[in-house]
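Encoded as structure tokens, the structure appears first; notes follow it.
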Amino acid sequence: MREQMVETLVGLLVLIVASYFTYYTMQTVGEGTGRNDYTLVAKFGSIGGVDTGSDVRMAGVKVGIISAISLDKVTFDARVDMSIHAGIPVPEDSVARITTDGLLGSAYISIDPGAEEILLAEGEEFDFTQGAVDLLTLLGQFAGSSSEEAPQ
């Protein structure tokens, strides 16, 4: 009987420690609820490569993550909700742009800050965005246009 009680207490202790580490990891990674982040919205014609959890960067520094992606059923644009760290100001005339780390790198949203003194607030939307550039389509257009201009 005593052995069963010891095993039960050890199992309970393991569950408590595992729960603590799970909570700690969620807070550290930025997925937790205790960061006091604020949400900004951007709409793109194409989001090629970014997904929920992708970085949001300003001047190459991570300032947030993509918290949700959905389709705007009126304009058929991709609506991207970004969770920006508290204390990071984003001017109203900033540009949200989808870019990648090199040719084969991961995609993320880069915020190019504007010069406006008015800042975007919780839930506000970027006026200026630039969607993802599809290199294969771009190369196809280039190849198509060069073949049309070739002398015969």
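The values are calculated or read from the model by the stated rules, or taken from the named source; none is laboratory data. Bear in mind the structure is a predicted one, so any value in this text is a computation, not a measurement. So basically every Cβ, Gly included, is an ideal-geometry build from the backbone, and we count neighbours across all protein chains shown.
At-a-glance table
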quantity	calculated
All positions within the stretch 63-98 that are under 17 Å from residue 111 (Cβ atoms) and of a type in the set (D, E, K, R)	79, 81, 92, 93, 97
Subset of the stretch 92-106 (residues that are in a loop (DSSP other than H, G, I, E, B) and small (Gly, Ala, Ser))	94, 102, 105, 106
Odd one out for residue 101 among (1) out of contact with any Gly (no Cβ under 9 Å at 6 or more places or on another chain); (2) in contact (Cβ under 8 Å) with a residue 12 or more places away in the chain	(2)
Checklist (1) within 12 Å of the chain's Cα centre (by Cα); (2) surrounded by fewer than 16 Cβ atoms within 10 Å (Cβ to Cβ) applied to residue 82, failing item	(2)
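For every residue, the table says whether it meets (1) farther than 14 Å from residue 130 by Cβ; (2) surrounded by fewer than 16 Cβ atoms within 10 Å (Cβ to Cβ); (3) assigned by TED's automatic domain parsing to the domain that holds residue 119.
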| residue | (1), (2), (3) |
| --- | --- |
| 49 | no, yes, yes |
| 67 | yes, no, yes |
| 78 | no, no, yes |
| 104 | yes, yes, yes |
